Amino acid sequence: MKPFNFRYADAADTGLILDFIKELAAYEKMSDEVVATEDLLREQIFEKGGAEVIFALEDGKEVGFALFFHNFSTFLGRSGLYLEDLFVKPEYRGKGYGKGLLKQLARIALERGCGRMEWWCLDWNQPSIDFYRSLDAEPMSDWTTYRLAGDTLRKMAE
């Protein structure tokens with residue numbers, strides 16, 4: 001593996017972030033669910049500080065990205081780092097960039113005093129499941145994810 005280089009994204013990278021999101025959505029067969037725009041991402045990530053992004057670099061070119069934010073564990077009494085998206089372009093897979101991004105996120109979590117790092121993985125995504133298991137990540141089989149979004153979220157708020 002080449003030495004791992006990364007950089008934090010800034011507002012000028014908003015278009016690149018959206019490109020990575022769209023590539024990830026295509027891989028996950030969810031392209032029709034992407035409604036994010038550059039303006040919305042710029043506002044939510046950079047103006048409101050809702051998330052952070054790091055890029056994996058090969059020879060100065062962005063080949064992978066991770067979008068993350070902090071959550072909180074009441075049981076630990078500490079923040080955690082939640083990884084929303086991790087994606088490495090297909091032609092760069094198998095070179096250690098995914099593992100490098102996770103290692104960098106683990107360092108960030110420890111530097112910030114986080115008690116844990118978490119993420120979701122689609123049940124059908126066996127290559128990613130195998131990858132995460134190879135890193136000794138533990139699947140949380142005792143938990144079920146629930147979601148309110150769109151009309152159901154609005155209805156709940158009424």
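Remarks
- Residue check, Phe4 touching a residue at least 24 places away in the same chain (Cβ under 8 Å) and in contact with a strand residue (DSSP E or B) (Cβ under 6 Å, 6 or more places away or on another chain): no
- Answer residue from region 101-123, given it is in a helix (DSSP H, G or I) and among the basic types (Lys, Arg) and is surrounded by the fewest Cβ atoms within 10 Å (Cβ to Cβ) among those: Arg107
Residues checked against (1) of a type in the set (Lys, Arg); (2) surrounded by fewer than 15 Cβ atoms within 10 Å (Cβ to Cβ); (3) within 17 Å of Tyr92 (Cα to Cα):
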position	(1), (2), (3)
Glu33	no, yes, no
Arg42	yes, no, no
Phe46	no, no, no
Ala56	no, no, yes
Gly60	no, yes, yes
Phe65	no, no, yes
Thr74	no, yes, no
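- For region 134-158, the set of residues classified as loosely packed, with under 10 Cβ neighbours inside 10 Å and either touching an Asp or Glu at 6+ places or on another chain (Cβ under 7 Å) or of a type in the set (Ser, Thr, Tyr) (or both) consists of Ser134, Ser141, Thr144, Thr145, Tyr146, listed by residue number.
- Some residue of region 78-100 being in contact with a Ser or Thr (Cβ under 9 Å, 6 or more places away or on another chain) and polar (S, T, N, Q): yes
- Ile17 vs. criteria of a type in the set (Val, Ile, Thr) and part of a helix (DSSP H, G or I): yes
- Scanning region 66-97 for residues being in a strand (DSSP E or B), more than 20 Å from Thr14 (Cβ to Cβ) and of a type in the set (Phe, Trp, Tyr) gives a total of 2.
- Test: Gly98 is without any contact (Cβ under 8 Å) to a residue 60 or more places away in the chain, crowded, with 17+ Cβ neighbours inside 10 Å, over 22 Å from Trp143 (Cβ atoms) and not hydroxyl-bearing (Ser, Thr, Tyr): yes
No value in this document is a laboratory result; all are computed from the given coordinates. Keep in mind it's a predicted model, so treat the numbers as computed, not measured. Every residue, glycine among them, receives a Cβ derived from its backbone with ideal geometry; neighbour counts consider all protein chains shown.
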